[in-house]
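Undergrad: Before we start, here is the structure in question, set down as structure tokens.
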Amino acid sequence: MPGKLLCIAASMALALGAQSVARAGTTDSTTGALTGTIIRPILVTANQGLQFGVIVRPSAGSGTVTLTNAGALSVTGTGAIALPSSSAHAAMFTVSGEGGQTFSLTIDSTVTLTNAAPSGGTLAVSTTNDAGCTAACALGGIVGQTTSATLSFHVGGTFPTSSATHTGSYSGTLNTVVSYN
């Protein structure tokens, strides 16, 4: 029995020794820095809508109505004209946000204009813009200097017309989306 007691005592000593050794190196602590930066939200504002003005459709055949990003209007087709008294102008948008930030810009490449007159009809407008960027646009300024910045751009468009184009007033919407990268 003394051997058995010795064995139990040795086992307990080993267990207690192992616990005290394990406790000595299993806990540690440190601190870490926490930082954050708050920036202005990105906004896009429609300053002016795209206005093709008043167009006389071609008397025969087909033609094209084009409004450049700079607001120059041209009409092709036999007898087709833009009335000089009409106020054609390109759309204008302004993006504002935190200076030095990059963002993506998405503008509808095609817009459907719908005729409000009972005769109906639609026009498919292909848009153009002078923003000069899509996935990697930049707001001026330097990151971290908490300055606001803006980027303005214009949108024009083109649509086909023909002697069969329904008369009436056409309208639609142009979607423009901006997101910080």
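The values are calculated or read from the model by the stated rules, or taken from the named source; none is laboratory data. Keep in mind the model is a prediction, meaning the values are calculated, not measured. Glycine also receives a Cβ, built like all others from the backbone with ideal geometry; neighbour counts cover every protein chain displayed.
Undergrad: What about T31, is it at pLDDT below 95 and exposed (fewer than 10 other Cβ atoms within 10 Å of the Cβ)?
TA: Criteria not met by T31.
Undergrad: Across region 56-72, what is the number of residues that are under 21 Å from H154 (Cβ atoms) and either of a type in the set (G, A, S) or in contact with a His (Cβ under 9 Å, 6 or more places away or on another chain) (or both)?
TA: Summing the residues that are under 21 Å from H154 (Cβ atoms) and either of a type in the set (G, A, S) or in contact with a His (Cβ under 9 Å, 6 or more places away or on another chain) (or both) in region 56-72 gives 6.
Undergrad: Let me ask another. Taking region 98-108 only, how many residues are surrounded by 14 or more Cβ atoms within 10 Å (Cβ to Cβ) and modelled with pLDDT of 95 or more?
TA: 5
Undergrad: If you don't mind, another one. Within region 52-69, which residues are assigned to a loop (DSSP other than H, G, I, E, B) and under 11 Å from H89 (Cβ atoms)?
TA: Those that are assigned to a loop (DSSP other than H, G, I, E, B) and under 11 Å from H89 (Cβ atoms): F52, G53, T68, N69.
Undergrad: Go over the candidates S169, S162 one by one and state the one that is surrounded by fewer than 17 Cβ atoms within 10 Å (Cβ to Cβ), among the hydroxyl-bearing types (S, T, Y), over 24 Å from R40 (Cβ atoms) and without any contact (Cβ under 8 Å) to a residue 60 or more places away in the chain.
TA: After applying the criteria, what remains is S169.
Undergrad: Moving on to the next point. Give the residue, chosen from L105, L113, that is hydrophobic (A, V, I, L, M, F, W, C), closer than 30 Å to G36 by Cβ and touching a residue at least 12 places away in the same chain (Cβ under 8 Å). Working first, answer last.
TA: Values: L113 fails: closer than 30 Å to G36 by Cβ.
Result of the check over L105, L113: L105.
Undergrad: Next up: Check region 139-147 and report whether any residue there is outside any loop (DSSP other than H, G, I, E, B) and either touching a residue at least 12 places away in the same chain (Cβ under 8 Å) or out of contact with any His (no Cβ under 7 Å at 6 or more places or on another chain) (or both).
TA: no
Undergrad: Next question, about the same structure. Is it the case that region 69-78 has a residue that's within 23 Å of G141 (Cβ to Cβ) and modelled with pLDDT of 95 or more?
TA: no
Undergrad: Could you check region 43-75 and list, in sequence order, the residues that are polar (S, T, N, Q), closer than 22 Å to D130 by Cβ, out of contact with any Pro (no Cβ under 6 Å at 6 or more places or on another chain) and in contact (Cβ under 8 Å) with a residue 12 or more places away in the chain?
TA: Looking only at region 43-75, we keep the residues that are polar (S, T, N, Q), and these are 45, 47-48, 51, 59, 62, 64, 66, 68-69, 74.
Keeping just the survivors that are closer than 22 Å to D130 by Cβ gives 45, 47-48, 51, 64, 66, 68-69, 74.
Filter once more, so that each one left must be out of contact with any Pro (no Cβ under 6 Å at 6 or more places or on another chain): 45, 47-48, 51, 66, 68-69, 74.
Residues satisfying the conditions are T45, N47, Q48, Q51, T66, T68, N69.
Undergrad: Sort out which residues of region 34-55 are more than 18 Å from G156 (Cα to Cα), surrounded by 15 or more Cβ atoms within 10 Å (Cβ to Cβ) and at pLDDT below 95, and write them in order of number.
TA: Hits for region 34-55 are I39, R40.
Undergrad: Quick test for you: out of V111, V95, V125, V65, pick the one residue that is within 15 Å of the chain's Cα centre (by Cα), β-branched (V, I, T) and modelled with pLDDT of 95 or more. Explain how you work it out, then say what you get.
TA: Numbers: V111 fails: within 15 Å of the chain's Cα centre (by Cα); V125 fails: within 15 Å of the chain's Cα centre (by Cα); V65 fails: within 15 Å of the chain's Cα centre (by Cα).
When all the criteria are applied, what remains is V95.
Undergrad: For S119, are the conditions met, namely being free of Cβ contacts under 8 Å to residues at least 40 places away in the same chain and assigned to a loop (DSSP other than H, G, I, E, B)?
TA: no
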